[in-house]
Amino acid sequence: MKKTLSITAALALALSLTAVASADPVNGTVAEPVNGAVTDTSGAVTDTSGALPILTDEPVIKPHEVVLVPTPMIELTETTYFYNAPNGEKLGALAPQKIDTTDVRYDVVFGGEWVEVYTWLGKAWIYVE
């Protein structure tokens with residue numbers, strides 16, 4: 001029992017050190033103190049009333065992570081089967097819901113179209129009339 005406990009503790013310590021080492025470095029700058037604010041030893045600007053630090057670093061979302069043109073959503077009104085390819089093997093069914101597409105579509109001569117969507121099994125195709 002003691003061996004299991006010590007191995008678990010060592011593994012938890014190693015994982016926490018790995019998480020800290022792989023964290024995204026902060027490259028922001030601390031703003032100048034404002035009226036009633038002080039800078040502590042870590043460089044964070046804090047309100048003198050003891051409130052939480054004033055956030056002055058870069059935003060959490062970086063410019064290359066922002067989606068400028070979102071993909072269209074499709075609202076399914078009935079149970080719809082999804083396939084591994086257009087006219088391919090049936091993988092499963094989707095209940096009525098709004099789903100996100102990959103914006104890849106293939107028109108069909110008869111008026112409908114095949115649309116690639118995201119599912120819990122990965123990308124799949126649905127037929128939309």
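The values are calculated or read from the model by the stated rules, or taken from the named source; none is laboratory data. Remember, predicted model here, so these are calculated numbers, not experimental data. Every residue, glycine as well, gets a Cβ built from its backbone with ideal geometry; the counts of neighbours run over all protein chains shown.
Computed values, structure above
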{"read-out": "Residue count for region 59-76, restricted to those that are among the charged types (D, E, K, R) and assigned to a loop (DSSP other than H, G, I, E, B)", "value": "1"}
{"read-out": "Residue that is surrounded by the most Cβ atoms within 10 Å (Cβ to Cβ) [pool: residues in region 101-120 that are modelled with pLDDT of 90 or more and acidic (Asp, Glu)]", "value": "116"}
{"read-out": "Checking residue 19 against (1) surrounded by fewer than 10 Cβ atoms within 10 Å (Cβ to Cβ); (2) modelled with pLDDT of 70 or more, the condition it does not meet", "value": "(2)"}
{"read-out": "Test: residue in region 48-55 that is assigned to a loop (DSSP other than H, G, I, E, B), modelled with pLDDT of 80 or more and surrounded by 10 or more Cβ atoms within 10 Å (Cβ to Cβ)", "value": "no"}
{"read-out": "Residue, nearest to residue 110 (Cα to Cα), within region 75-91, restricted to residues that are out of contact with any Lys or Arg (no Cβ under 9 Å at 6 or more places or on another chain) and loosely packed, with under 13 Cβ neighbours inside 10 Å", "value": "87"}
{"read-out": "Only one of 123, 62, 98 that is modelled with pLDDT of 90 or more and exposed (fewer than 10 other Cβ atoms within 10 Å of the Cβ)", "value": "98"}
{"read-out": "Residue within region 77-98 that is assigned to a strand (DSSP E or B) and of a type in the set (Asp, Glu) present", "value": "no"}
